[in-house]
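J.: Mind having a look at this structure? Questions to follow.
The values are calculated or read from the model by the stated rules, or taken from the named source; none is laboratory data. What you are looking at is a predicted structure, and each value in this text was computed from that prediction instead of being measured. For neighbour counting, all protein chains shown are included, and Cβ atoms are generated from backbone atoms with ideal geometry for every residue, glycine included. All accessible areas refer to the heavy atoms of the entire protein, side chains included, with ligands and DNA or RNA removed. Shrake-Rupley method; radii C 1.70, N 1.55, O 1.52, S 1.80 Å.
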Amino acid sequence: LVADFSLEDVNPTSATYEEFVSPRDYLGRISAWYFGHSTWGYCRAQFGHLDDLQKEILEEYPDSEIQIIGINGAGHESGVETAADGRDLPLLQDREGVDVSSLWDVTYRDVIILDEQNEYYTTYNLTSNDLSEAEKYAALKATLLAAAGLN
């Protein structure tokens, strides 16, 4: 199991807005955790592509148990409104004292995919895999579907 944490969802249009969200909330599901900075344009763009991907997966596989979650780096709160605008994915705000990126030993723009038991499945880094490129987007989608046994 990955180290557990609980962070507040700061995206006003997310179904879990103002709730504290934890990996344990996704036991029995595939979860993908994107680590970015909402103050950086590239990270915001990737969050938008992930939101599109979530919607696409739900449209094609309505019974799928796949959830994508964003985690905004501590100290980058000022970009949350812009990052969340028009997007429905949970966006959790990391904070000092929790520091999930250190807890999970991630690099910014990593998407950490966990299986149904909250065990590490794989990492897909969006610095080297820009989701605005169709083949990179398709590769992440295929990885998520494979994790869920859907392809």
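J.: Out of (1) in a helix (DSSP H, G or I); (2) of a type outside the set (Lys, Arg); (3) touching a residue at least 24 places away in the same chain (Cβ under 8 Å), the odd one out for ASP25 is which?
T.: (3)
J.: From the list ALA32, ALA15, ALA84, ALA74, pick out the single residue that is farther than 18 Å from THR127 by Cβ, out of contact with any Gly (no Cβ under 6 Å at 6 or more places or on another chain) and surrounded by 20 or more Cβ atoms within 10 Å (Cβ to Cβ).
T.: ALA84
J.: Can I ask one more? Return the only residue of ASP51, ASP99, ASP88 being farther than 23 Å from THR13 by Cα and of a type outside the set (Lys, Arg).
T.: ASP99
J.: Can ALA74 be described as among the small types (Gly, Ala, Ser), within 21 Å of TYR17 (Cβ to Cβ) and over 13 Å from the mean Cα position of the chain (by Cα)?
T.: yes
J.: Report, by residue number, each residue of segment 98-118 that is hydrophobic (A, V, I, L, M, F, W, C) and assigned to a strand (DSSP E or B).
T.: Once the filter is applied, which keeps residues that are hydrophobic (A, V, I, L, M, F, W, C) and assigned to a strand (DSSP E or B), segment 98-118 yields VAL111, ILE112, ILE113, LEU114.
J.: Now a separate question. What is the one condition in (1) open to solvent by 50 Å² or more (accessible area, probe 1.4 Å); (2) more than 19 Å from GLY79 (Cα to Cα); (3) out of contact with any helix residue (DSSP H, G or I) (no Cβ under 9 Å at 6 or more places or on another chain); (4) part of a helix (DSSP H, G or I) that PRO62 does not satisfy?
T.: (4)
J.: Using the structure shown, decide if ASN125 is within 16 Å of the chain's Cα centre (by Cα), free of Cβ contacts under 8 Å to residues at least 12 places away in the same chain, over 24 Å from ALA15 (Cβ atoms) and open to solvent by less than 50 Å² (accessible area, probe 1.4 Å).
T.: Spelling it out, it is not the case that ASN125 is within 16 Å of the chain's Cα centre (by Cα), free of Cβ contacts under 8 Å to residues at least 12 places away in the same chain, over 24 Å from ALA15 (Cβ atoms) and open to solvent by less than 50 Å² (accessible area, probe 1.4 Å).
J.: Would you point out which residue out of TYR120, TYR42, TYR26, TYR108 is among the aromatic types (Phe, Trp, Tyr) and modelled with pLDDT under 95?
T.: When all the criteria are applied, what remains is TYR108.
J.: What is the number of the single condition among (1) more than 15 Å from the chain's Cα centre (by Cα); (2) surrounded by 15 or more Cβ atoms within 10 Å (Cβ to Cβ); (3) closer than 13 Å to GLN46 by Cα that ARG95 does not meet?
T.: (3)
J.: Can you name the residue in segment 35-51 that is in contact (Cβ under 8 Å) with a residue 40 or more places away in the chain and open to solvent by less than 10 Å² (accessible area, probe 1.4 Å) and is also farthest from ALA148 (Cα to Cα) among such residues?
T.: Checked segment 35-51; the qualifying residue farthest from ALA148 (Cα to Cα) is SER38.
J.: On to the next question. Of these, ALA147, ALA134, which one is of a type in the set (A, V, I, L, M, F, W, C) and touching a residue at least 24 places away in the same chain (Cβ under 8 Å)?
T.: Exactly one of ALA147, ALA134 is of a type in the set (A, V, I, L, M, F, W, C) and touching a residue at least 24 places away in the same chain (Cβ under 8 Å), namely ALA147.
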